[in-house]
Amino acid sequence: MKEKLKEVAAQAQTDIAACSSINDLLNAKARYLGKKSLVSNLYGQLRELPEADRPAFGQLLNELKADVEKMLKQRELELKQAGREQQDLSGFQDLSLPGIYPARGALHPLTLVRRQIEDVFIGLGFEIAEGPDIDDEFHNFDALNTPEDHPSRNLADTFYLENGYLLRTQTSTVQVRTMEKYAPPIYIISPGRCYRNDKPDPSHSPVFHQVEALVVDKGISMADLKDTLQNFAQIMFGQEVRSRIRPHFFPFTEPSAEIDISCVNCQGQGCRVCKNSGWLELGGAGMVDPNVFKILGIDPEIYSGYALGVGVERIAMLKYNIPDMRILFENDVRMLRQFSGVLQ
């Protein structure tokens with residue numbers, strides 16, 4: 001029986017090597033590995049052997065089958081390679097084959113909105129400034145006139161690291177670094193990621209994106225802030241959109257204000273999106289507190305300035321009617337594919 005196995009193996013090697021086409025190879029496969037093939041017949045002869053000899057012979061049969069499969073696979077690769085080389089030499093192209101279309105990617109909606117915001121402020125004469133995501137307490141809190149007992153300093157709100165460092169809670173850190181490095185006049189925006197110890201829900205995330213604007217110059221007033229805000233709102237959401245500011249409190253601005261725009265869903269008439277108020281909250285703003293200028297070596301008797309900040313996720317949700325912030329971070333291709341046609 002062992003001699004029979006060797007004979008079949010040698011015969012298979014010869015026949016498979018002689019195959020000159022895929023069709024020949026399929027015939028060889030049927031002859032040696034099909035239901036009524038030579039190898040299958042050998043498996044059927046196992047019962048004729050003494051029971052003690054069956055395991056050893058079965059193992060040899062399995063090895064023969066594996067060798068034949070390997071020879072068939074190797075010959076298939078050789079034939080396909082030879083066919084490709086022949087086509088290359090002849091210059092043949094099968095024009096009936098379907099074309100290969102590379103998948104077209106798209107920018108994420110957050111990237112689209114961030115770029116739109118940047119374009120608006122660049123058009124208004126601002127420059128882009130960037131800074132580190134990991135910063136120290138001075139740039140994140142102290143230089144921004146934030147008291148030691150302010151709630152934002154708590155572990156429940158801020159991600160602290162070792163050696164007094166933390167993940168920035170706002171891109172105002174970039175404004176501080178800019179005022180440290182450059183003398184007025186200053187007209188910058190600081191886009192980037194921010195981190196706060198928030199539980200994810202439809203309107204909150206531990207990682208989010210802000211764009212903050214800072215102006216420091218002579219004679220800057222709340223009127224300038226209101227004018228910048230109105231221009232920004234109309235360019236981003238349309239000429240019919242109105243803006244307003246409401247009194248508020250932030251440690252680093254005085255006076256401080258909340259930024260609202262008329263509802264982009266109902267044009268200020270009142271709907272579920274704006275909770276029937278006709279207004280949507282967009283961010284915070286205010287005149288830079290003189291204490292901040294003093295900490296950073298800028299004379300508040302000569303210079304004044306304003307700062308405003310908006311959330312990129314908030315604007316993306318309003319522009320594209322996205323009901324839940326978490327959708328922006330789930331990387332669902334079905335959602336992202338909708339932005340493949342958006343002008344970039």
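When each of Val215, Val211 is tested for being at pLDDT 95 or above and within 30 Å of Arg337 (Cβ to Cβ), the lone residue that passes is Val211. Applying a threshold of 8 Å to beta carbon distances and a minimum spacing of six or more residues, or different chains, the list of pairs starting in the range 184-209 at a residue that is farther than 30 Å from Pro300 by Cβ and in contact (Cβ under 8 Å) with a residue 40 or more places away in the chain and ending at one that is assigned to a strand (DSSP E or B) and of a type in the set (A, V, I, L, M) reads Arg193/Val207; Tyr195/Leu167; Tyr195/Val207. Only one entry of Glu118, Glu180, Glu148, Glu127 meets the criterion of being assigned by TED's automatic domain parsing to the domain that holds Gly283 and touching a Leu at 6+ places or on another chain (Cβ under 7 Å), and that entry is Glu180. Every condition in (1) outside any loop (DSSP other than H, G, I, E, B); (2) at negative phi holds for Gly192 except the one numbered (2).
One residue alone among Leu112, Leu95, Leu124, Leu107 is of a type in the set (A, V, I, L, M, F, W, C) and more than 30 Å from Tyr320 (Cβ to Cβ), and that residue is Leu95. Scanning the range 9-42 for residues that are more than 15 Å from Asp67 (Cβ to Cβ) and more than 56 Å from the chain's Cα centre (by Cα) yields a single hit, Asn41.
Among the conditions (1) assigned to a loop (DSSP other than H, G, I, E, B); (2) closer than 27 Å to Leu112 by Cα; (3) without any contact (Cβ under 8 Å) to a residue 12 or more places away in the chain, Cys266 misses just one, which is (3).
Among residues of the range 218-238 being assigned to a loop (DSSP other than H, G, I, E, B) and at pLDDT 90 or above, the one that is surrounded by the fewest Cβ atoms within 10 Å (Cβ to Cβ) is Gly219. The set of residues from the range 239-261 being outside any strand (DSSP E or B) and over 15 Å from Leu282 (Cα atoms) comprises Gln239, Glu240, Pro251, Phe252. Considering the range 169-183 alone, what residues qualify as being without any contact (Cβ under 8 Å) to a residue 24 or more places away in the chain and either in a helix (DSSP H, G or I) or under 20 Å from Gly311 (Cβ atoms) (or both)? If the condition is that a residue be without any contact (Cβ under 8 Å) to a residue 24 or more places away in the chain and either in a helix (DSSP H, G or I) or under 20 Å from Gly311 (Cβ atoms) (or both), then Lys181 is the only one that fits.
Taking the range 152-168 as the range and being of a type in the set (A, V, I, L, M) and either outside any loop (DSSP other than H, G, I, E, B) or not assigned by TED's automatic domain parsing to the domain that holds Gln210 (or both) as the test, the residues that pass are Leu166, Leu167. When the range 123-140 is limited to residues that are part of a helix (DSSP H, G or I) and either in contact (Cβ under 8 Å) with a residue 60 or more places away in the chain or polar (S, T, N, Q) (or both), the one that is nearest to Ala233 (Cα to Cα) turns out to be Gly123.
Listed by position, the helices (runs of 4 or more DSSP H) enclosed by the range 283-344 that each have at least 2 residues that are more than 14 Å from the chain's Cα centre (by Cα) and over 26 Å from Thr253 (Cβ atoms) are 312-320.
The values are calculated or read from the model by the stated rules, or taken from the named source; none is laboratory data. This is a predicted model, so every value here is computed, not measured. Please note: Cβ atoms are built from the backbone with ideal geometry, for glycine as well, and neighbour counts cover all protein chains shown.
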